Amino acid sequence: MLRTPANANQVLFFVLLVLVSTAGAGEIVLPEGEAALHWKPLASIPDEIGLAGPFAGVDGDALIVAGGANFPAGRPWDGHPKVWHDRIFVLEKPEGQWKTAEALLPRPLAYGVSLNTERGILCLGGGDKQRHYADVFLLVNKNGQIKHIELPSMPGPSAFFCGALVGDTVYVAGGLDRPDAKRPQKTFWALDLSKPDEELTWEELEPWPGRPRMLSVAAAQDGMFLLFSGVDLIEGEKQPDGSLGEPRREYLTDAYAYSPKTGWRRLADLPRPAVAAPTPAIPLGRSHVAIIGGDSGQFAFPKEPLNDNHPGFDSDILAYHLITDTWVKMGEFPKQLGPDPVRRPQDGTWSPVTTPTVPWRGGYAIPCGEARPGVRTSRVLWAELIDSPAPFGLLDYLTIAVYLLSLVFIGIYFSRREKTTNDFFLGGQRVPWWAAGLSIFGTQLSAITFMAIPAKAYATDWIYCLGNFLIIFSAPLIIYVYLPFYRRLNVTTAYEYLEKRFNLGVRLLGSAAFVLLQLGRMGVVLLLPAMALSAVTGFDVFLCIVIMGVLATTYTVMGGIEAVIWTDVIQVIVLMGGAVLCLFSITAGIDGGMARVISMGFEEGKFHTFDWTWDMTTTAVWVVVVGKFMETLVPYTADQTVVQRYLTTADEKQAARSIWTNAVLSIPSTIIFFGVGTALWAFYKVNPGLQTPIDETDRILPLFIAHHLPVGIAGLVIAALFSAAMSSLDSSMNSIATALTTDWYGRFRPRMSDHHRLNVARVLTVFLGVLGTGFAIYMALLDSKSMWDQSLKILGLFGGGLAGLFAVGIFTRGANGAGALVGFFASAVILWYLRAAGIVHFFLYAAVGIVGCAVVTWLVSQLCPWARKDIEGLTVYTIESVGEEKNSEV
């Protein structure tokens with residue numbers, strides 16, 4: 001039953017979502033997910049009995065197993081005491097054989113925590129028969145020689161505890177402080193490894209809100225430390241002689257997540273206990289965690305030999321999804337009996353406990369462990385995640401082919417009209433206002449945005465949506481203040497205004513900043529959608545890049561800005577139609593439809609929108625409003641890809657209508673995209689078995705499209721995603737060509753004929769298409785975007801400053817060219833400092849850039865009065881002297 005909203009946030013979004021809540025409830029047939037762990041055996045360690053509780057990790061690209069404990073006869077019921085070991089074994093490659101290292105551990109140890117770090121294998125705690133230890137040391141593999149390096153000890157001794165590495169910080173939880181302890185510890189300690197050795201110190205943190213525990217499973221995912229299951233010890237029953245019997249184990253199913261920023265929170269309980277399962281749990285993608293087997297407490301420790309019918313520990317694999325807070329079974333650990341299961345049970349393959357998981361070579365190794373109650377194993381298994389892309393039918397391929405080829409035909413059609421640079425750059429100013437408005441909307445709606453907004457709502461809430469509404473409030477400012485300068489001054493690029501207002505140097509600086517920003521963006525807007533589409537459909541990523549690059553370049557060269565605008569129109573219609581179709585399809589897969597989505601969303605806080613705080617480092621309401629309002633001024637006042645659309649209509653009045661069209665569309669599109677994200681969250685929460693682990697959350701919508709939309713429709717929406725990426729590329733190509741031809745080539749070679757400049761623009765467009773496609777391919781070959789991420793961050797420092805140049809030019813009389821040059825670079829320095837210091841939220845970066853540039857420009861201009869020039873008609877105070885554009889009545 002739909003619940004009544006209880007606060008302002010809920011009332012607001014109840015009203016908004018009702019607008020799209022006509023999607024009915026129903027049933028659809030949904031395919032099962034294809035992701036699975038693929039297992040293969042590695043060579044067994046050279047100890048035929050096997051080991052439980054070893055330390056293990058990777059250093060020098062070699063898998064290392066050290067210490068551990070076992071029973072000499074291999075079977076505890078033979079009466080032999082447990083033995084602890086200090087040996088170290090090394091496996092240099094998966095297909096190789098184990099070697100026994102000359103080095104030994106500092107002492108025989110088992111049942112501690114071991115983790116991979118950049119400095120080596122971090123080994124913590126553990127114990128032997130007499131005591132447990134607080135020691136911490138690194139195992140380092142230097143040229144095949146194993147050495148250990150002492151680090152600060154933990155605050156206290158512990159064994160049978162768990163730990164995980166979150167970023168550079170190690171967290172450990174629980175355990176026993178001594179072998180005869182009657183109750184586990186409730187301790188939570190942290191060590192920041194990013195500090196220099198002399199500053200390393202352990203921090204005792206507030207523990208989880210549940211019961212003390214040992215033999216828990218830890219995990220690191222999405223910047224959080226996760227704690228699953230474990231055992232608490234309950235005081236034994238009183239014996240006739242007055243003593244207490246052995247403590248009784250109580251198996252736990254509760255789970256918790258710790259965030260360094262927000263502390264602990266309770267997670268959904270496990271379907272069953274997973275005591276002593278291999279730890280840390282395996283992170284799958286960005287939000288899944290897999291727990292392999294574990295002890296659920298249904299099998300008592302044997303006091304007699306096992307028979308071949310003993311099932312061992314639990315073998316099913318439990319997958320936890322952090323976003324939907326759900327559990328699902330994800331297959332089983334492979335089991336196999338040995339040739340003599342009674343006399344040598346350790347020879348079989350079973351789901352082991354009391355052993356670590358080790359990331360190694362793209363998968364995870366699980367070395368040794370306790371394979372069945374009381375029985376160790378020497379076997380080593382290695383697992384990797386196999387994800388089969390969704391099958392694409394012939395109709396899907398045909399749909400994509402027809403759709404993409406139709407875009408080329410648009411270019412062919414408009415090529416007959418591109419006779420002058422005015423045609424190529426401005427469409428002869430014959431573009432209808434509604435088409436220009438849709439094109440502005442489509443230019444801002446890239447394939448990355450189409451995937452990222454639903455992904456954000458799916459993973460978090462609606463806190464970002466408020467910023468998308470602010471174009472409605474900035475539109476009047478753009479129309480009544482900025483637009484007249486672009487229309488009445490008869491310019492082709494926005495940066496021509498900067499020369500008129502300041503000087504040639506400022507114009508060239510603004511144009512160069514725009515070109516560099518777009519060049520840095522072109523490769524990314526091709527690569528990221530190509531990677532997402534490749535991951536969920538199986539398309540080759542390089543083929544995706546080449547197809548998008550070649551087709552976009554072809555129709556842009558042939559049809560100029562008109563081809564770009566009309567392909568944008570088609571792409572917007574298909575993308576928005578696809579988004580609505582996705583919303584209907586998603587809610588049809590949920591019993592109760594949209595009503596249940598809304599109800600679930602309110603209960604879980606998914607419609608949270610306002611943070612009432614003055615903290616400028618968070619998404620406070622004022623930060624979102626101020627930051628996003630100023631952010632809209634960057635593309636809508638200083639970005640040639642948007643400003644150029646203003647100049648393609650017949651007059652200023654038509655241009656104003658195009659801006660309003662884009663602004664009005666932003667409201668329903670925001671509701672739809674955020675609604676799709678929330679609906680996806682609800683869909684996968686009620687259908688957790690259909691959620692496939694994914695590397696990037698941004699792929700969640702393409703994943704749903706490929707797996708769950710009908711054949712043909714899926715192909716159309718995927719084609720629209722292709723074309724959305726092409727839309728971003730074609731806009732960049734045409735606008736960069738316009739800026740280079742007008743601001744640079746035409747400015748310094750004014751005597752060249754218009755036909756010659758048209759040919760230059762076309763050659764530049766081809767060059768830019770090849771360059772953008774090449775950038776994307778190069779980044780894909782690198783298999784790392786870090787270098788480009790950093791370059792884009794550097795270029796991003798100048799976006800606010802560029803908008804600041806226009807703002808200070810239009811709104812002040814005293815600014816001059818010398819001050820503008822200094823202000824532009826000063827704003828970048830200010831923003832770099834604030835970003836490095838983490839003083840403000842990134843929503844405020846544009847505001848800082850604009851205000852910083854404007855203030856510094858004005859101040860420096862007062863110190864350089866000789867650089868002033870005639871600015872009649874170039875500020876908001878004198879624009880009327882230029883007169884209104886012909887037939888314009890804005």
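The values are calculated or read from the model by the stated rules, or taken from the named source; none is laboratory data. In this text the structure is predicted, and so the values were computed from the model without any measurement. A quick note on method: Cβ atoms are made from the backbone with ideal geometry, for glycine too, and the neighbour counts reach across all protein chains shown. Each accessible area value is taken on the protein alone, full model and side chains, heavy atoms only, with ligands, DNA and RNA left out. Shrake-Rupley method; radii C 1.70, N 1.55, O 1.52, S 1.80 Å.
For the range 194-226 and the range 620-646, write down the distance between their C-alpha centroids in whole Å.
The range 194-226 and the range 620-646 have Cα centres spaced 42 Å from each other.
Compute the distance in nm between two label points, each set 7 Å from the Cα along the Cα-to-Cβ direction, one at L395 and one at E696.
The modelled label-to-label distance comes out at 3.0 nm.
Quick one: accessible surface of H841, probe radius 1.4 Å, all protein chains present, in square angstrom to the nearest 10.
Accessible surface of H841 is approximately 20 Å².
Here are some pairs, K261/K456; K456/K685; K99/K129; which of them have Cα atoms lying more than 21 Å apart in this structure?
The answer is K99/K129.
At 0.36 nm per residue, minus the direct Cα-Cα distance, what do E92 and E880 gain on full extension? Give it in nm, one decimal, please.
Once the chain is fully extended between E92 and E880, it gains 275.9 nm.
What stretch of the chain, leaving out the sites themselves, is the longest with no GluC sites (Glu not before Pro) in a DSSP loop having at most 16 other Cβ atoms within 10 Å?
Looking at the chain, 238-695 is the longest stretch - no exposed GluC sites (Glu not before Pro) with at most 16 other Cβ atoms within 10 Å.
Would you mind getting the accessible area per residue of the chain, heavy atoms of the protein chains only, 1.4 Å probe, in Å²?
Value for the chain: 39 Å² per residue.
When all protein chains stay in place, what accessible area (Å², nearest 10, 1.4 Å probe) is found for W660?
Rounded to the nearest 10, the figure is 90 Å².
Residue by residue through the range 112-127, which ³J(HN,Hα) values in whole Hz follow from phi under the Karplus form 6.51 cos²θ - 1.76 cosθ + 1.60 (θ = phi - 60°), with glycine and proline marked x?
3J(HN,Hα) across the range 112-127, in whole Hz: x, 10, 9, 9, 6, 9, 5, 8, x, 8, 7, 10, 10, x, x, x.
Residue separation times 0.36 nm, minus the C-alpha to C-alpha distance between S406 and R835: what's the value?
Stretched fully, the S406-R835 segment lengthens by 150.0 nm.
From the residues I667, V621, L138, which one has its Cα farthest along the dipole of the chain in the positive direction, the dipole being from +1 and -1 charges on Cβ of Lys/Arg and Asp/Glu about the Cα centre?
I667
Alpha carbon centre of the range 87-146 versus the range 487-563: separation in Å?
53
Expressed as a whole percentage, what fraction of the accessible surface of the chain belongs to carbon and sulfur atoms when a 1.4 Å probe is rolled over the protein heavy atoms?
Carbon-and-sulfur percentage of accessible area, whole number: 58.
Protein chains only, probe 1.4 Å: how do H755, H148, H288, H608 rank by accessible area, largest first?
Accessible-area ranking of H755, H148, H288, H608, largest first: H755, H148, H608, H288.
Could you please put Y684, Y364 in sequence from largest to smallest accessible area, using a 1.4 Å probe?
Working: Y684 0, Y364 50 Å².
Largest accessible area first, the list is Y364, Y684.
Can you compute the charge dipole magnitude of the range 424-549 about its Cα centre, using +1 on each Lys and Arg Cβ and -1 on each Asp and Glu Cβ, nothing else charged? Give it in debye, rounded to the nearest 20.
So the magnitude is around 480 debye.
Which of the residue pairs K40/K93; K419/K500; K142/K195; K500/K869 have a Cα-Cα distance greater than 18 Å in the structure shown?
Values: K40/K93 14 Å; K419/K500 28 Å; K142/K195 23 Å; K500/K869 9 Å.
From K40/K93; K419/K500; K142/K195; K500/K869, over 18 Å: K419/K500; K142/K195.
What chymotrypsin sites (Phe, Trp or Tyr not before Pro) does the range 488-582 have in DSSP loop regions with at most 15 other beta carbons within 10 Å?
none
Can you give the charge dipole size of the range 618-707 about its Cα centre, rounded to the nearest 20 debye, using +1 on the beta carbon of Lys and Arg and -1 on the beta carbon of Asp and Glu?
The calculated dipole for the range 618-707 is roughly 240 debye.
Placing unit charges on C-beta atoms (Lys and Arg positive, Asp and Glu negative, everything else neutral), compute the dipole magnitude of the chain about its Cα centre in debye, rounded to 20.
Charge dipole, the chain, about its Cα centre: 1700 debye, nearest 20.
Please compute P(r) over all alpha-carbon pairs of the range 462-527, binned at 5 Å starting from zero, and give each bin as a whole-number percent.
3, 14, 14, 14, 18, 21, 11, 4, 1
Between the range 273-294 and the range 47-65, what is the C-alpha centre distance in whole Å?
So the separation of the two Cα centres works out to 19 Å.
Helix 799-811 versus the longest principal axis of the chain: what angle, 0 to 90°, nearest 10, using Cα atoms?
30
Can you bin the range 75-182 into rounded, prolate or oblate? Criterion: square roots of the alpha carbon gyration tensor eigenvalues sorted a ≥ b ≥ c, rounded for a/c under 1.5, prolate for a/b above b/c, oblate for the rest.
oblate
Working from the pairwise distances between different alpha carbons, so that the mean of 1/r is found and then inverted, what is the chain's Kirkwood radius in Å? Spell out each step's value before the answer.
Numbers: mean 1/r = 0.0328 Å⁻¹.
That comes to 30.5 Å for the chain.
If I ignore ligands, DNA and RNA and count only protein heavy atoms, how much of L477 is accessible to a 1.4 Å probe, in Å² to the nearest 10?
50
Calculate the spin-label point distance for D325 paired with V550, positioning each point 7 Å from the Cα along the beta-carbon direction, and give it in nanometres.
The two pseudo-label positions are separated by 5.0 nm.
Would you calculate, for the chain, the mean residue ellipticity at 222 nm contributed by helices, counting each DSSP H stretch of 4 or more residues as -39,500 (n - 2.57) and dividing by all residues, to the nearest 500?
On the way: 22 runs with 371 residues, N = 890.
Result for the chain, helices only: -14000 deg cm²/dmol.
Starting from the amide H of L205, placed 1.01 Å from N in the peptide plane, find each other amide H under 5 Å away whose residue is 5 or more places distant or on another chain.
F188, W189, A190
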